[in-house]
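K.L.:
Below you will find the structure I want to go over with you.
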Amino acid sequence: MKLELDARHLLCPLPVIRTQDAVKHLQAGDKLLVHCTDPGAIHDIPTWCRINGHIVRDIHLDGRDITITVEVTDGVV
Amino acid sequence: MSGKRKAVALISGGLDSMLAAKVMLEQGIQVEGINFFTGFCVEGHTHAIRKQDSAKPKRNNALWVAEQLGIKLHIIDVIEEYKDVVLNPKHGYGANLNPCLDCKIFMVHKAQEWIKENGFDFIITGEVVGQRPMSQRKDTMPVVARESGAEDRLVRPLCGKKLPATLPEREGWIERDWLYDFSGRSRKPQMALAEKYGFTDYAQPAGGCCFLTDVQYSVKLADLWKSRGERRYELDDIMLLKVGRHLRPRPHFKLIIGREEGENNFLEGYRKQFVHLRALNLDGPLALLDGVANDADIELAARLVCRFGKGRDAEEVEVVVTDKQGATRVLNVAPLTADAIPQEWYV
């Protein structure tokens, strides 16, 4: 399953919170594409993923638009 | 002890909560972090917005601390619930609109609810007796424990030796002898403990993690309430108070004027919610108009916006005014001179 999350124009930690809340409803192997504009998300979402055991598969920059692809795991760190 | 005891640590991203969690980890406690997002957290927002600050680190310090400690972090959105703390603080405000004691009670209460839901045993905070004038005094720290409902499941490892024994100490889950007796506003004991643990990179503990402690921010928030005739706010309101110049030329409207490219970009995200103005064919700020404005007000707003752009010295500047539906019109206006802008317009 692939889900898209619109977190544009939100400042951190809101993109992280929205990511965290979306991941709760996903299964291991699912992918979440987080669209955001706060450059802080480039650091914060990968950090959140590392401490919670999820995997960042891609970070795509297009001007001010950032898309971070998160692969959900079973959360065991 | 039956099994590994579990505690949740309130992680602000500052040094004290980082140390408090570490002290408990050293005692073999399983620690996870919790961080509450109220909307007023400083957390590098201005760095994230302002292009001139782009070289500064944009990391979220709470997440960074959690990673350094090797613990999970739960970031909880409490924006809606927190409004009551800001609007109706039982214990009042500090020097500005900071309801520090009510805030601490609220957060410990939320942590207490969280440990009940998640099967944890106690709560850790980085509080130090005498460090803060409202929430961290010898007489108010028991108030936090009592009114939050945490009671003796609230452990303050950095000053625990100065406080009555908590349940985890009495039950032998943690050793009281391994707690600390820090007190007062000196940062030296914390810095020495940080050095002991090998923490060399941590957020500077300036006490400024909340915009409500900032005098200018509080003035803007009070102005917002006064202009609306009621004390209420939404998340967008309090985010916008962090950005740009705020000028109120008339009681019924104000302008939020970007100060640089990063702020203009941020304000662009709000274009559909506000009438907005920008000079045509000239470098200059984007301005949002908050409130109700008639044609004369909009002309005044346009003249004011020009003052902060490249056309400030021109005889006439074309300004594009866009309404909330996206309809545009162009006004030809003379920029206001600096001395035509009364200081009291600046919020």
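The numbers here are math on the coordinates, done by the rules we state, and not lab data. Remember, predicted model here, so these are calculated numbers, not experimental data. Cβ: placed from backbone, ideal geometry, glycine included. Neighbour counts: every protein chain shown.
K.L.:
Taking amide H atoms as placed 1.01 Å from N in the peptide plane, list the residues 5 or more away in sequence, or in a different chain, whose amide H sits under 5 Å from that of B:VAL31.
P.N.:
B:ALA7
K.L.:
How much FRET efficiency would the formula 1/(1 + (r/R0)^6) give for B:ALA327 and B:ALA296, where r is the Cβ-Cβ distance and R0 is 25 Å, rounded to 0.05? Don't jump to the answer; show the numbers that get you there.
P.N.:
Numbers: r = 19 Å, r/R0 = 0.76.
After rounding, the FRET efficiency stands at 0.85.
K.L.:
Report ³J(HN,Hα) in whole Hz for each residue of the stretch B:284-293, in order, from the Karplus equation J = 6.51 cos²θ - 1.76 cosθ + 1.60 where θ = phi - 60°; Gly and Pro get x.
P.N.:
Ordered by residue, 3J(HN,Hα) equals x, x, 8, 10, 9, 9, 9, x, 10, 9 Hz.
K.L.:
With θ set to phi - 60°, apply the Karplus curve 6.51 cos²θ - 1.76 cosθ + 1.60 along the stretch B:318-326 and write out the HN-Hα couplings as whole Hz, x wherever there is a Gly or Pro.
P.N.:
8, 10, 8, 10, 10, 8, 5, 8, x
K.L.:
If each DSSP helix of 4+ residues adds -39,500 (n - 2.57) and the sum is divided by the residues in chain B, what number results at 222 nm, nearest 500 deg cm²/dmol? Don't skip to the answer; put the middle values down first.
P.N.:
On the way: 12 runs with 117 residues, N = 347.
The helix-only estimate for chain B comes to -10000 deg cm²/dmol at 222 nm.
K.L.:
So, in Å, what gap is there between the alpha-carbon centers of the stretch A:4-41 and the stretch B:242-287?
P.N.:
Answer, in whole Å: 27.
K.L.:
Using only alpha carbon pairs under 8 Å that are at least six residues apart, calculate the relative contact order of the stretch A:2-71 and give it in whole percent.
P.N.:
On the way: 121 pairs, mean separation 24.6, N = 70.
Rounded, it is 35 percent for the stretch A:2-71.
K.L.:
If you don't mind, another one. Nearest 10 degrees, 0 to 90: what angle lies between the long axis of helix A:41-52 and the longest principal axis of chain A (Cα atoms)?
P.N.:
10
K.L.:
Return the average number of partner chain Cβ atoms within 10 angstrom of each residue Cβ along peptide A:40-47. Each step should come with its number before you reach the end.
P.N.:
Numbers: counts 10, 3, 2, 7, 10, 2, 1, 8.
Per residue, the average neighbour count from other chains is 5.
K.L.:
So how far apart, in nm, are the two label points at A:ARG50 and A:ASP30 if each is 7 Å from Cα heading toward Cβ?
P.N.:
Calculated label separation equals 2.5 nm.
K.L.:
Amide H to amide H, which residues 5 or more places from B:HIS91 or on other chains are under 5 Å from it, using H placed in the peptide plane?
P.N.:
Correct list: B:ASP102.
K.L.:
For the stretch B:191-343, what's the relative contact order in percent, using C-alpha pairs closer than 8 Å and at least 6 residues apart?
P.N.:
Values: 217 pairs, mean separation 23.7, N = 153.
Computed value for the stretch B:191-343: 15 percent relative contact order.
K.L.:
Once each part is reduced to its C-alpha centroid, what is the distance from the stretch B:296-339 to the stretch B:104-180 in angstrom?
P.N.:
Their Cα centres are 55 Å away from one another.
K.L.:
Follow-up question, since we're still on this one. Using only atoms on other chains, find how many Cβ atoms lie within 10 Å of each Cβ of peptide B:66-76 and report the average. Before the final figure, lay out the partial values.
P.N.:
On the way: counts 5, 4, 1, 1, 2, 2, 6, 7, 3, 10, 3.
Averaged over the peptide's residues, the number is 4.
K.L.:
Under the 0.36 nm per residue contour assumption, what length would be gained going from the current alpha-carbon distance of B:ARG231 and B:GLU175 to full extension?
P.N.:
Numbers: separation 56, 0.36 × 56 = 20.16 nm, distance 4.66 nm.
My answer for the length gained is 15.5 nm.
K.L.:
Let me see the pair-distance distribution of chain B: every alpha carbon pair, 20 Å bin width, integer percents in order.
P.N.:
For chain B, the pair-distance distribution reads 28, 46, 23, 4, 0.
K.L.:
Moving on. Counting only other chains, and only Cβ atoms inside 10 Å, what mean value do you get across the residues of A:9-21? Display every interim value, and only then the final one.
P.N.:
Numbers: counts 7, 3, 13, 11, 13, 7, 0, 7, 7, 1, 1, 5, 3.
Neighbouring Cβ atoms belonging to other protein chains average 6 per residue here.
K.L.:
Tell me the angle of helix B:295-307 to the major Cα principal axis of chain B, expressed in degrees between 0 and 90 and rounded to the nearest ten.
P.N.:
Tilt of helix B:295-307: around 70 degrees.
K.L.:
Follow-up question, since we're still on this one. List the longest stretch of chain B that has no exposed loop site; here a site is one of the GluC sites (Glu not before Pro) assigned by DSSP to anything other than H, G, I, E or B, with at most 15 other Cβ within 10 Å. Display every interim value, and only then the final one.
P.N.:
Working: sites that count: B:GLU171, B:GLU175, B:GLU230, B:GLU234, B:GLU260, B:GLU315, B:GLU316.
Segment B:1-170 is the longest.
K.L.:
Here's a follow-up. List the residues whose amide H sits under 5 Å from the amide H of B:CYS210, counting only those 5 or more places along or on another chain, with H placed 1.01 Å from N in the peptide plane.
P.N.:
Correct list: B:VAL42.
K.L.:
Return one number: the angle in degrees, 0 to 90 and rounded to the nearest 10, between the long axis of the Cα atoms of helix B:100-118 and the longest principal axis of the Cα atoms of chain B.
P.N.:
Around 60 degrees separate the two axes.
K.L.:
Pull out the extension gain between B:ALA334 and B:LYS6, defined as 0.36 nm times the separation in residues minus the alpha carbon to alpha carbon distance; nm, one decimal. Can you show the working numbers first?
P.N.:
On the way: separation 328, 0.36 × 328 = 118.08 nm, distance 6.61 nm.
Stretched out fully, the B:ALA334 to B:LYS6 stretch lengthens by 111.5 nm.
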